[in-house]
Amino acid sequence: MVLVRIALKRPYTFVVMAMFIVIFGGMASTALNAEQNASLGHAVIGGLIFAMVATLIFVPVVFGVAHSRKTEVFRRGVT
């Protein structure tokens, strides 16, 4: 069960890390008008981090709690 959870998180983590590297490259640039790209990069990376935490931690925890309560209710026979 644990192996399945890790296997499902791995591709998503690789995609987020690849996007982070690409965005960070544009964010760290010192070219002309780079300060506009830097502020956009900060927003995108913040959104990526939030989405990754929500997808990999928050959603499974909420689903697990909801699922355990549902099975508890059905065990007691209350509908």
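Assorted remarks:
- Ordered by the number of other Cβ atoms lying within 10 Å of each residue's own Cβ, fewest first, 48, 32, 40 fall into the sequence 32, 40, 48.
- The rule of thumb for compact globular proteins, 2.2 N^0.38 Å, goes into the C-alpha radius of gyration of the stretch 14-58 1.25 times.
- FRET efficiency, residue 70 to residue 19 (Cβ-Cβ, R0 30 Å, nearest 0.05): 0.30
Readers should treat all values here as calculations from the given coordinates under stated rules, not as data from a laboratory. Computed from a predicted model, the values in this text were never measured in an experiment. All Cβ positions, glycine included, derive from the backbone under ideal geometry; neighbour counts span all protein chains shown.
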